[in-house]
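Novice: Shown below is the structure under consideration.
The values are calculated or read from the model by the stated rules, or taken from the named source; none is laboratory data. If you're wondering where the values come from, they're calculated on a predicted model, not measured in any experiment. Reconstructed Cβ throughout: ideal geometry from the backbone, glycine too, with neighbour counts over all protein chains shown. Ligands, DNA and RNA are excluded from the accessible area calculation, which covers all protein heavy atoms including side chains. Shrake-Rupley method; radii C 1.70, N 1.55, O 1.52, S 1.80 Å.
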Amino acid sequence: MIDPSQGLDRHIDVRIVDGHIASLGAGQEPSQPQGLPLRILDVPGCVVAPGFVDVHTHLREPGFEYKETIASGLAAAAAGGFTGVAAMANTQPVNDHPAVTELMRRRAAAVGGTRLYPVGAVSAGLAGKELSEIGGMHEAGIVALSDDGMPVMNARLMRRAMEYGRMFDLPVFSHCEDQGLTAGGVMHEGVVSTALGLPGVPGAAENVMVYRDIQLAAMTGAHVHIQHVSTAESVDLVRRAKEQDIRVTAEVCPHHFTLTHEAIRQYDTNTKVNPPLRTAEDVEAIKTGLQDGTIDIIASDHAPHHVTEKEQDYESAPAGMIGLETSVGLSLALYHQGVLSLTQLIAKLTIHPARLLGTAHGTLEVGSVADITIIAPDQTFVVDASTLYSQSRNTPFLGWQLRGMAVATIVGGNIIFERL
Ligand code: DOR
(Lines give C-alpha, C1' and ligand atoms only; values in the text may rest on other atoms or scores of the structure.)
Protein backbone atom coordinates (compact mmCIF):
# COMPACT_ATOMS: atom_id res chain seq x y z
CA MET A 1 0.00 0.00 0.00
CA ILE A 2 1.24 3.45 -0.89
CA ASP A 3 -0.59 6.37 0.66
CA PRO A 4 1.39 9.61 0.40
CA SER A 5 -1.12 11.40 2.67
CA GLN A 6 0.17 9.28 5.59
CA GLY A 7 3.71 8.71 4.34
CA LEU A 8 2.87 5.00 4.05
CA ASP A 9 4.69 2.58 1.75
CA ARG A 10 4.60 -1.00 3.02
CA HIS A 11 2.98 -4.42 2.88
CA ILE A 12 -0.21 -4.10 4.81
CA ASP A 13 -3.76 -5.41 4.97
CA VAL A 14 -6.61 -2.99 4.49
CA ARG A 15 -9.93 -3.81 6.09
CA ILE A 16 -13.05 -2.10 4.76
CA VAL A 17 -16.31 -2.18 6.68
CA ASP A 18 -19.43 -0.28 5.75
CA GLY A 19 -17.70 1.69 3.01
CA HIS A 20 -14.96 3.03 5.28
CA ILE A 21 -11.38 2.08 6.10
CA ALA A 22 -11.88 0.12 9.30
CA SER A 23 -8.27 -0.76 10.03
CA LEU A 24 -4.79 -1.07 8.53
CA GLY A 25 -2.10 -3.51 9.58
CA ALA A 26 -0.59 -6.93 9.05
CA GLY A 27 -2.75 -10.01 9.61
CA GLN A 28 -6.12 -8.32 9.69
CA GLU A 29 -8.91 -10.60 10.79
CA PRO A 30 -10.90 -11.37 7.61
CA SER A 31 -14.26 -11.22 9.31
CA GLN A 32 -17.22 -9.01 8.68
CA PRO A 33 -19.59 -7.98 11.43
CA GLN A 34 -23.27 -8.83 11.40
CA GLY A 35 -22.77 -11.62 8.88
CA LEU A 36 -22.49 -9.18 5.98
CA PRO A 37 -20.95 -10.58 2.77
CA LEU A 38 -17.18 -10.74 2.86
CA ARG A 39 -14.78 -10.44 -0.03
CA ILE A 40 -11.02 -10.81 0.19
CA LEU A 41 -8.89 -9.30 -2.57
CA ASP A 42 -5.42 -10.78 -2.65
CA VAL A 43 -3.34 -8.60 -4.95
CA PRO A 44 0.29 -9.69 -5.11
CA GLY A 45 2.51 -7.43 -7.17
CA CYS A 46 -0.05 -4.67 -7.01
CA VAL A 47 -0.14 -1.32 -5.24
CA VAL A 48 -3.16 -0.33 -3.19
CA ALA A 49 -3.52 3.46 -3.27
CA PRO A 50 -6.13 6.04 -2.38
CA GLY A 51 -8.64 6.51 -5.22
CA PHE A 52 -7.22 8.47 -8.14
CA VAL A 53 -8.84 11.85 -8.75
CA ASP A 54 -8.79 13.57 -12.15
CA VAL A 55 -9.18 17.33 -11.85
CA HIS A 56 -9.68 17.85 -15.59
CA THR A 57 -12.35 15.88 -17.45
CA HIS A 58 -14.83 16.85 -20.18
CA LEU A 59 -17.96 14.73 -19.89
CA ARG A 60 -19.93 16.51 -22.69
CA GLU A 61 -23.36 16.07 -21.07
CA PRO A 62 -25.58 18.03 -21.27
CA GLY A 63 -25.47 18.99 -24.93
CA PHE A 64 -22.85 16.89 -26.71
CA GLU A 65 -23.99 13.37 -25.85
CA TYR A 66 -22.85 12.15 -29.29
CA LYS A 67 -19.25 12.60 -28.04
CA GLU A 68 -19.66 11.33 -24.46
CA THR A 69 -22.36 11.03 -21.81
CA ILE A 70 -21.97 11.30 -18.07
CA ALA A 71 -22.55 7.53 -17.94
CA SER A 72 -19.97 6.63 -20.62
CA GLY A 73 -17.44 9.15 -19.29
CA LEU A 74 -17.75 7.88 -15.73
CA ALA A 75 -17.44 4.29 -17.02
CA ALA A 76 -14.20 5.27 -18.79
CA ALA A 77 -13.04 6.92 -15.56
CA ALA A 78 -13.75 3.79 -13.52
CA ALA A 79 -11.94 1.61 -16.08
CA GLY A 80 -9.00 4.01 -16.01
CA GLY A 81 -8.73 3.82 -12.22
CA PHE A 82 -10.41 7.09 -11.25
CA THR A 83 -12.75 7.25 -8.28
CA GLY A 84 -13.53 10.93 -8.86
CA VAL A 85 -13.40 13.37 -11.78
CA ALA A 86 -13.88 17.13 -11.99
CA ALA A 87 -16.21 17.87 -14.90
CA MET A 88 -15.49 21.02 -16.89
CA ALA A 89 -18.19 23.55 -17.63
CA ASN A 90 -18.03 23.71 -21.44
CA THR A 91 -21.24 21.75 -21.91
CA GLN A 92 -24.40 23.00 -23.67
CA PRO A 93 -25.93 24.68 -21.73
CA VAL A 94 -22.74 25.76 -20.04
CA ASN A 95 -22.48 24.91 -16.33
CA ASP A 96 -22.86 28.56 -15.37
CA HIS A 97 -26.05 28.14 -13.31
CA PRO A 98 -27.05 25.99 -10.32
CA ALA A 99 -29.69 24.18 -12.40
CA VAL A 100 -26.99 22.73 -14.66
CA THR A 101 -24.78 21.85 -11.69
CA GLU A 102 -27.68 19.99 -10.07
CA LEU A 103 -28.52 18.18 -13.31
CA MET A 104 -24.94 16.93 -13.64
CA ARG A 105 -24.82 15.80 -10.03
CA ARG A 106 -28.18 14.01 -10.29
CA ARG A 107 -27.18 12.14 -13.45
CA ALA A 108 -23.86 11.11 -11.93
CA ALA A 109 -25.62 9.90 -8.79
CA ALA A 110 -27.91 7.78 -10.97
CA VAL A 111 -24.83 6.18 -12.58
CA GLY A 112 -23.50 5.51 -9.10
CA GLY A 113 -19.85 4.81 -9.95
CA THR A 114 -16.99 7.30 -10.12
CA ARG A 115 -17.79 10.53 -8.30
CA LEU A 116 -18.43 13.65 -10.37
CA TYR A 117 -17.19 16.98 -9.02
CA PRO A 118 -18.77 19.80 -11.04
CA VAL A 119 -16.67 22.81 -12.01
CA GLY A 120 -18.67 25.99 -12.56
CA ALA A 121 -17.96 28.46 -15.34
CA VAL A 122 -16.24 31.74 -14.51
CA SER A 123 -18.32 33.65 -17.05
CA ALA A 124 -21.91 33.30 -18.23
CA GLY A 125 -21.94 31.12 -21.35
CA LEU A 126 -18.10 31.08 -21.28
CA ALA A 127 -18.49 34.38 -23.14
CA GLY A 128 -16.00 36.25 -20.98
CA LYS A 129 -18.37 39.19 -20.49
CA GLU A 130 -20.02 38.79 -17.10
CA LEU A 131 -19.66 36.48 -14.14
CA SER A 132 -21.74 33.31 -13.86
CA GLU A 133 -24.08 32.48 -10.94
CA ILE A 134 -21.15 31.71 -8.66
CA GLY A 135 -22.97 31.87 -5.31
CA GLY A 136 -25.83 29.65 -6.49
CA MET A 137 -23.48 27.14 -8.05
CA HIS A 138 -21.44 27.07 -4.86
CA GLU A 139 -24.57 26.09 -2.96
CA ALA A 140 -25.33 23.48 -5.62
CA GLY A 141 -21.94 21.88 -5.09
CA ILE A 142 -19.31 23.16 -7.52
CA VAL A 143 -15.74 22.58 -6.39
CA ALA A 144 -13.94 25.16 -8.54
CA LEU A 145 -14.41 27.85 -11.18
CA SER A 146 -13.12 27.59 -14.75
CA ASP A 147 -13.92 28.66 -18.29
CA ASP A 148 -11.66 25.82 -19.49
CA GLY A 149 -11.69 25.40 -23.24
CA MET A 150 -11.76 29.19 -23.36
CA PRO A 151 -9.40 31.64 -21.68
CA VAL A 152 -10.79 34.49 -19.60
CA MET A 153 -9.33 37.26 -21.77
CA ASN A 154 -10.61 40.15 -19.65
CA ALA A 155 -8.23 40.57 -16.70
CA ARG A 156 -10.79 42.61 -14.80
CA LEU A 157 -13.33 39.78 -15.01
CA MET A 158 -10.68 37.29 -13.91
CA ARG A 159 -9.85 39.52 -10.97
CA ARG A 160 -13.52 39.55 -9.93
CA ALA A 161 -13.76 35.77 -10.35
CA MET A 162 -10.78 35.37 -8.05
CA GLU A 163 -12.34 37.69 -5.49
CA TYR A 164 -15.49 35.55 -5.51
CA GLY A 165 -13.38 32.40 -5.52
CA ARG A 166 -11.61 33.58 -2.42
CA MET A 167 -14.90 34.50 -0.74
CA PHE A 168 -16.41 31.05 -1.38
CA ASP A 169 -13.12 29.20 -0.91
CA LEU A 170 -13.19 27.95 -4.51
CA PRO A 171 -9.98 27.69 -6.54
CA VAL A 172 -10.01 29.33 -9.97
CA PHE A 173 -8.69 27.02 -12.69
CA SER A 174 -7.10 28.88 -15.55
CA HIS A 175 -6.91 27.81 -19.19
CA CYS A 176 -3.98 30.04 -20.11
CA GLU A 177 -4.16 31.22 -23.69
CA ASP A 178 -3.89 34.70 -25.14
CA GLN A 179 -6.32 34.52 -28.03
CA GLY A 180 -4.65 37.40 -29.81
CA LEU A 181 -1.58 35.19 -30.14
CA THR A 182 -3.31 31.85 -30.74
CA ALA A 183 -5.83 33.03 -33.36
CA GLY A 184 -5.77 30.61 -36.30
CA GLY A 185 -2.99 28.45 -34.84
CA VAL A 186 -3.45 24.69 -34.73
CA MET A 187 -0.11 23.39 -33.42
CA HIS A 188 3.03 24.60 -31.65
CA GLU A 189 4.74 27.40 -33.59
CA GLY A 190 8.21 26.15 -34.46
CA VAL A 191 10.24 24.19 -36.98
CA VAL A 192 7.65 21.45 -37.39
CA SER A 193 4.74 23.84 -38.01
CA THR A 194 6.90 25.60 -40.60
CA ALA A 195 7.78 22.28 -42.27
CA LEU A 196 4.14 21.15 -42.30
CA GLY A 197 2.78 24.52 -43.40
CA LEU A 198 0.34 24.68 -40.49
CA PRO A 199 -0.35 27.91 -38.56
CA GLY A 200 1.35 27.94 -35.16
CA VAL A 201 0.56 28.78 -31.54
CA PRO A 202 3.64 30.29 -29.84
CA GLY A 203 4.53 29.25 -26.32
CA ALA A 204 4.26 32.90 -25.33
CA ALA A 205 0.48 32.70 -25.78
CA GLU A 206 0.42 30.52 -22.67
CA ASN A 207 3.22 32.19 -20.73
CA VAL A 208 1.75 35.69 -20.72
CA MET A 209 -1.52 34.39 -19.27
CA VAL A 210 0.22 32.29 -16.63
CA TYR A 211 2.07 35.42 -15.54
CA ARG A 212 -1.11 37.51 -15.53
CA ASP A 213 -3.04 35.02 -13.44
CA ILE A 214 -0.21 34.63 -10.95
CA GLN A 215 -0.24 38.41 -10.54
CA LEU A 216 -4.02 38.38 -10.04
CA ALA A 217 -3.73 35.59 -7.46
CA ALA A 218 -1.08 37.60 -5.60
CA MET A 219 -3.31 40.66 -5.71
CA THR A 220 -6.56 38.97 -4.63
CA GLY A 221 -5.21 36.25 -2.33
CA ALA A 222 -7.18 33.70 -4.35
CA HIS A 223 -5.98 30.20 -5.20
CA VAL A 224 -5.23 29.97 -8.91
CA HIS A 225 -4.68 26.57 -10.49
CA ILE A 226 -2.87 26.56 -13.84
CA GLN A 227 -4.38 23.94 -16.13
CA HIS A 228 -2.53 21.84 -18.72
CA VAL A 229 0.91 23.46 -18.43
CA SER A 230 2.73 22.90 -21.71
CA THR A 231 5.79 25.19 -21.81
CA ALA A 232 9.12 25.35 -19.99
CA GLU A 233 8.51 29.03 -19.21
CA SER A 234 5.15 28.27 -17.54
CA VAL A 235 6.88 25.74 -15.29
CA ASP A 236 9.42 28.43 -14.34
CA LEU A 237 6.73 31.02 -13.65
CA VAL A 238 4.86 28.64 -11.35
CA ARG A 239 8.11 27.71 -9.60
CA ARG A 240 8.92 31.35 -8.89
CA ALA A 241 5.38 32.12 -7.74
CA LYS A 242 5.53 29.26 -5.26
CA GLU A 243 8.82 30.61 -3.92
CA GLN A 244 6.95 33.83 -3.21
CA ASP A 245 4.16 31.93 -1.41
CA ILE A 246 1.54 32.96 -3.94
CA ARG A 247 -1.41 30.53 -3.86
CA VAL A 248 -0.75 28.71 -7.10
CA THR A 249 -0.93 25.03 -8.08
CA ALA A 250 -0.40 23.46 -11.49
CA GLU A 251 -1.26 20.37 -13.50
CA VAL A 252 0.22 18.69 -16.55
CA CYS A 253 -1.41 16.18 -18.89
CA PRO A 254 0.18 12.86 -19.90
CA HIS A 255 0.24 13.81 -23.60
CA HIS A 256 2.34 16.87 -22.79
CA PHE A 257 5.09 14.80 -21.16
CA THR A 258 4.81 11.86 -23.60
CA LEU A 259 4.68 13.44 -27.07
CA THR A 260 6.27 16.41 -28.83
CA HIS A 261 5.19 18.38 -31.90
CA GLU A 262 7.12 15.79 -33.95
CA ALA A 263 4.07 13.50 -33.48
CA ILE A 264 2.07 15.77 -35.79
CA ARG A 265 4.13 15.00 -38.90
CA GLN A 266 1.58 12.40 -40.08
CA TYR A 267 -1.22 15.00 -39.76
CA ASP A 268 -3.13 12.70 -37.39
CA THR A 269 -5.87 14.97 -36.06
CA ASN A 270 -5.84 12.98 -32.80
CA THR A 271 -2.60 14.80 -32.01
CA LYS A 272 -4.42 18.15 -32.17
CA VAL A 273 -4.91 19.42 -28.65
CA ASN A 274 -5.07 22.75 -26.88
CA PRO A 275 -2.53 23.76 -25.66
CA PRO A 276 -0.58 22.02 -28.42
CA LEU A 277 2.13 19.39 -28.14
CA ARG A 278 5.37 21.30 -27.70
CA THR A 279 9.13 20.70 -28.00
CA ALA A 280 11.46 18.15 -26.42
CA GLU A 281 12.87 20.97 -24.24
CA ASP A 282 9.38 21.71 -22.93
CA VAL A 283 8.86 18.02 -22.13
CA GLU A 284 12.14 17.96 -20.18
CA ALA A 285 11.17 21.08 -18.23
CA ILE A 286 7.79 19.55 -17.39
CA LYS A 287 9.49 16.40 -16.08
CA THR A 288 11.82 18.53 -13.94
CA GLY A 289 8.79 20.44 -12.66
CA LEU A 290 7.09 17.16 -11.74
CA GLN A 291 10.24 16.03 -9.95
CA ASP A 292 10.86 19.16 -7.90
CA GLY A 293 7.20 19.56 -6.93
CA THR A 294 6.46 22.64 -9.05
CA ILE A 295 3.80 20.59 -10.83
CA ASP A 296 1.42 19.26 -8.20
CA ILE A 297 -0.99 17.22 -10.26
CA ILE A 298 -1.29 14.99 -13.32
CA ALA A 299 -4.67 15.49 -15.02
CA SER A 300 -6.09 13.83 -18.12
CA ASP A 301 -7.87 16.71 -19.97
CA HIS A 302 -10.08 13.90 -21.29
CA ALA A 303 -11.71 15.64 -24.28
CA PRO A 304 -13.88 13.32 -26.37
CA HIS A 305 -14.74 14.24 -29.96
CA HIS A 306 -16.72 12.22 -32.50
CA VAL A 307 -14.85 10.40 -35.25
CA THR A 308 -16.65 12.47 -37.92
CA GLU A 309 -15.29 15.63 -36.32
CA LYS A 310 -11.75 14.29 -36.16
CA GLU A 311 -11.91 12.97 -39.76
CA GLN A 312 -11.38 16.42 -41.18
CA ASP A 313 -8.25 18.23 -42.25
CA TYR A 314 -5.92 19.22 -39.43
CA GLU A 315 -7.01 22.86 -39.37
CA SER A 316 -10.75 22.08 -39.19
CA ALA A 317 -10.72 19.23 -36.65
CA PRO A 318 -11.54 20.14 -33.03
CA ALA A 319 -8.75 20.06 -30.45
CA GLY A 320 -8.69 17.41 -27.73
CA MET A 321 -8.01 13.77 -27.00
CA ILE A 322 -9.54 11.23 -24.66
CA GLY A 323 -7.32 10.41 -21.70
CA LEU A 324 -9.09 8.70 -18.82
CA GLU A 325 -8.15 5.19 -19.93
CA THR A 326 -4.52 5.93 -20.84
CA SER A 327 -3.62 8.39 -18.11
CA VAL A 328 -2.43 5.87 -15.52
CA GLY A 329 -0.39 3.83 -18.02
CA LEU A 330 1.28 6.92 -19.50
CA SER A 331 1.92 8.37 -16.03
CA LEU A 332 3.51 5.15 -14.78
CA ALA A 333 6.09 5.59 -17.54
CA LEU A 334 7.47 8.42 -15.38
CA TYR A 335 8.09 5.84 -12.65
CA HIS A 336 9.57 3.27 -15.03
CA GLN A 337 11.87 5.96 -16.50
CA GLY A 338 13.05 6.92 -13.01
CA VAL A 339 11.61 10.43 -13.25
CA LEU A 340 9.32 10.01 -10.21
CA SER A 341 9.10 7.55 -7.35
CA LEU A 342 5.79 5.71 -7.02
CA THR A 343 5.03 7.78 -3.93
CA GLN A 344 5.62 11.05 -5.81
CA LEU A 345 3.52 9.86 -8.73
CA ILE A 346 0.63 8.62 -6.58
CA ALA A 347 0.58 11.91 -4.63
CA LYS A 348 -0.02 13.73 -7.93
CA LEU A 349 -3.02 11.47 -8.62
CA THR A 350 -4.54 11.34 -5.12
CA ILE A 351 -3.96 13.70 -2.23
CA HIS A 352 -2.90 16.72 -4.30
CA PRO A 353 -5.93 16.65 -6.61
CA ALA A 354 -8.28 15.83 -3.69
CA ARG A 355 -6.96 18.83 -1.75
CA LEU A 356 -7.35 21.09 -4.75
CA LEU A 357 -11.02 20.10 -5.07
CA GLY A 358 -11.53 20.45 -1.32
CA THR A 359 -12.72 16.86 -0.89
CA ALA A 360 -11.88 14.61 2.04
CA HIS A 361 -10.81 11.82 -0.34
CA GLY A 362 -7.28 11.07 -1.53
CA THR A 363 -6.35 9.30 1.72
CA LEU A 364 -6.75 5.85 3.25
CA GLU A 365 -6.53 7.00 6.84
CA VAL A 366 -8.57 4.84 9.20
CA GLY A 367 -12.12 6.19 9.27
CA SER A 368 -12.02 7.72 5.79
CA VAL A 369 -14.34 6.73 2.97
CA ALA A 370 -12.97 3.70 1.12
CA ASP A 371 -12.20 5.19 -2.30
CA ILE A 372 -9.33 3.02 -3.53
CA THR A 373 -7.40 2.40 -6.73
CA ILE A 374 -5.38 -0.80 -7.08
CA ILE A 375 -2.71 -0.68 -9.78
CA ALA A 376 -0.49 -3.32 -11.34
CA PRO A 377 2.55 -1.17 -12.18
CA ASP A 378 4.21 -3.78 -14.40
CA GLN A 379 1.24 -5.20 -16.25
CA THR A 380 1.39 -4.26 -19.93
CA PHE A 381 -1.55 -3.70 -22.23
CA VAL A 382 -2.17 -2.42 -25.71
CA VAL A 383 -4.51 0.55 -26.12
CA ASP A 384 -7.27 -1.01 -28.18
CA ALA A 385 -10.22 0.93 -29.62
CA SER A 386 -12.52 -2.07 -29.20
CA THR A 387 -12.06 -2.23 -25.42
CA LEU A 388 -12.34 1.45 -24.49
CA TYR A 389 -15.32 2.48 -22.37
CA SER A 390 -15.33 6.07 -23.59
CA GLN A 391 -17.84 6.71 -26.35
CA SER A 392 -15.14 8.43 -28.42
CA ARG A 393 -11.91 7.04 -29.83
CA ASN A 394 -9.87 10.18 -30.40
CA THR A 395 -6.49 9.26 -29.01
CA PRO A 396 -3.10 9.16 -30.71
CA PHE A 397 -2.14 6.29 -28.37
CA LEU A 398 -4.21 3.58 -30.11
CA GLY A 399 -1.94 0.58 -30.67
CA TRP A 400 0.60 1.74 -28.06
CA GLN A 401 1.76 -0.78 -25.50
CA LEU A 402 1.67 0.78 -22.02
CA ARG A 403 3.18 -0.63 -18.85
CA GLY A 404 1.01 -0.34 -15.77
CA MET A 405 -2.74 -0.20 -15.31
CA ALA A 406 -5.52 0.06 -12.76
CA VAL A 407 -6.87 -3.39 -11.90
CA ALA A 408 -9.58 -2.37 -9.44
CA THR A 409 -11.45 0.83 -8.70
CA ILE A 410 -13.37 1.04 -5.44
CA VAL A 411 -15.78 3.83 -4.50
CA GLY A 412 -17.26 3.98 -1.02
CA GLY A 413 -16.24 0.37 -0.46
CA ASN A 414 -17.94 -0.88 -3.64
CA ILE A 415 -15.85 -2.35 -6.43
CA ILE A 416 -17.05 -0.36 -9.45
CA PHE A 417 -14.49 -1.82 -11.87
CA GLU A 418 -12.10 -4.74 -11.72
CA ARG A 419 -9.71 -6.73 -13.85
CA LEU A 420 -8.69 -9.07 -11.02
O1 DOR B 1 -7.79 20.23 -26.48
C2 DOR B 1 -8.65 20.70 -25.75
N3 DOR B 1 -9.92 20.27 -25.80
N4 DOR B 1 -8.33 21.67 -24.89
C5 DOR B 1 -9.26 22.33 -24.17
O6 DOR B 1 -8.89 23.19 -23.42
C7 DOR B 1 -10.68 22.01 -24.34
C8 DOR B 1 -10.86 20.64 -24.81
C9 DOR B 1 -12.26 20.36 -25.31
O10 DOR B 1 -13.22 20.73 -24.63
O11 DOR B 1 -12.40 19.73 -26.36
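Novice: Could you give the distance between the Cα centres of region 182-198 and region 154-174, to the whole Å?
Specialist: Comparing the Cα centres of region 182-198 and region 154-174, I get a distance of 32 Å.
Novice: How large is the charge dipole for region 284-420, taken about the Cα centre, if only the Cβ atoms of Lys, Arg (+1) and Asp, Glu (-1) carry charge, to the nearest 20 debye?
Specialist: 280 debye
Novice: Give me a comma-separated list of calculated 3J(HN,Hα) values for region 253-269, in order, Karplus coefficients 6.51, -1.76, 1.60 applied at θ = phi - 60°, integers in Hz, x for any Gly or Pro.
Specialist: 9, x, 5, 7, 10, 9, 10, 10, 4, 4, 5, 8, 4, 8, 6, 6, 5
Novice: Residues with amide H under 5 Å of Gly404's amide H, sequence separation 5 or more or different chain, H placed in the peptide plane at 1.01 Å from N; which?
Specialist: Gln379, Thr380, Phe381
Novice: If you roll a 1.4 Å probe over the heavy atoms of the protein chains, what accessible area per residue do you get for region 20-106, in Å²?
Specialist: Spelled out: the 1.4 Å probe surface of region 20-106, per residue, equals 39 Å².
Novice: Specify which residue in the list Ala333, Phe257, Ser316 is farthest towards the positive end of the charge dipole of region 233-353, using unit charges on the beta carbon of Lys, Arg (+1) and Asp, Glu (-1), about the Cα centre.
Specialist: Ala333
Novice: Show me the ranking of peptides 19-26, 402-409, 369-376 by mean Cβ neighbours inside 10 Å, starting with the highest.
Specialist: 369-376, 402-409, 19-26
Novice: Turning to a different aspect of this structure: What GluC sites (Glu not before Pro) in region 45-135 are in a loop by DSSP, with at most 13 other Cβ atoms within 10 Å of the Cβ?
Specialist: Glu130
Novice: Counting only other residues whose beta carbon sits under 9 Å from that of Tyr314, what net charge do I get with K and R as +1, D and E as -1?
Specialist: -2
Novice: Give me the dipole magnitude in Debye, nearest 20, for region 240-335 about the Cα centre, with unit charges on the beta carbon: positive for Lys and Arg, negative for Asp and Glu.
Specialist: Dipole about the Cα centre, nearest 20: 120 debye.
Novice: OK, next. What ³J(HN,Hα) values, in whole Hz, does the Karplus curve 6.51 cos²θ - 1.76 cosθ + 1.60 give for region 122-132 when θ = phi - 60°, with x put for Gly and Pro?
Specialist: Values per residue, Gly and Pro as x: 6, 10, 4, x, 6, 7, x, 9, 9, 5, 7 Hz.
Novice: Could I ask something else about it? Calculate the dipole size of the chain relative to its Cα centre from +1 charges on Lys and Arg beta carbons and -1 charges on Asp and Glu beta carbons; express the result in debye to the nearest 20.
Specialist: My answer is approximately 340 debye.
Novice: So, counting K/R as plus one and D/E as minus one, what does the shell of residues with Cβ under 11 Å around Asp301 add up to?
Specialist: Spelling it out: positives minus negatives among the neighbours equals -3.
Novice: Could you tell me what percent of the accessible area of the chain is made up of carbon and sulfur, with a 1.4 Å probe and every protein chain present?
Specialist: Percent of accessible area from carbon and sulfur atoms in the chain: 49.
Novice: Ok, one more. How large is the accessible surface per residue of region 339-420, computed with a 1.4 Å probe and reported in Å² as a whole number?
Specialist: So region 339-420 comes to 39 Å² accessible per residue, rounded to a whole number.
Novice: Determine the sum of side-chain charges near Leu388: Lys and Arg each +1, Asp and Glu each -1, restricted to other residues whose C-beta is under 12 angstrom from that of Leu388.
Specialist: -2
Novice: I've got another one for you. To two decimal places, what compactness ratio does region 212-303 give when its Cα radius of gyration is scaled by 2.2 N^0.38 Å?
Specialist: That works out to 1.12 for region 212-303.
Novice: Quick one: of the DSSP bridges fully inside the chain, what percent are antiparallel, nearest 5?
Specialist: 50 percent
Novice: So between Ala109 and Ala385, what do we pick up on full extension, going 0.36 nm a residue minus the alpha carbon distance?
Specialist: Taking Ala109 through Ala385 to full extension adds about 96.6 nm, to one decimal.
Novice: List, in order, the whole-Hz ³J(HN,Hα) value for each residue of region 375-380 obtained from phi through the Karplus relation with A = 6.51, B = -1.76, C = 1.60 and θ = phi - 60°; use x for Gly and Pro.
Specialist: 10, 10, x, 9, 6, 8
Novice: For a quick check: with amide H placed at 1.01 Å from N, whose amide H comes under 5 Å from Ala250's, ignoring anything fewer than 5 positions away on the same chain?
Specialist: Answer set, sorted by chain and number: Ile226, Asp296, Ile297.
Novice: What's log10 of I(q)/I(0) for the chain at q = 0.11, 0.14 Å⁻¹, Debye sum over Cα points only, no solvent?
Specialist: Listed by q, the Debye log ratios stand at -0.77, -1.29.
Novice: Determine the shape class of region 74-218: with a ≥ b ≥ c the square roots of the Cα gyration tensor eigenvalues, call it rounded for a/c under 1.5, and otherwise prolate if a/b is greater than b/c, oblate otherwise.
Specialist: Verdict is oblate for region 74-218.
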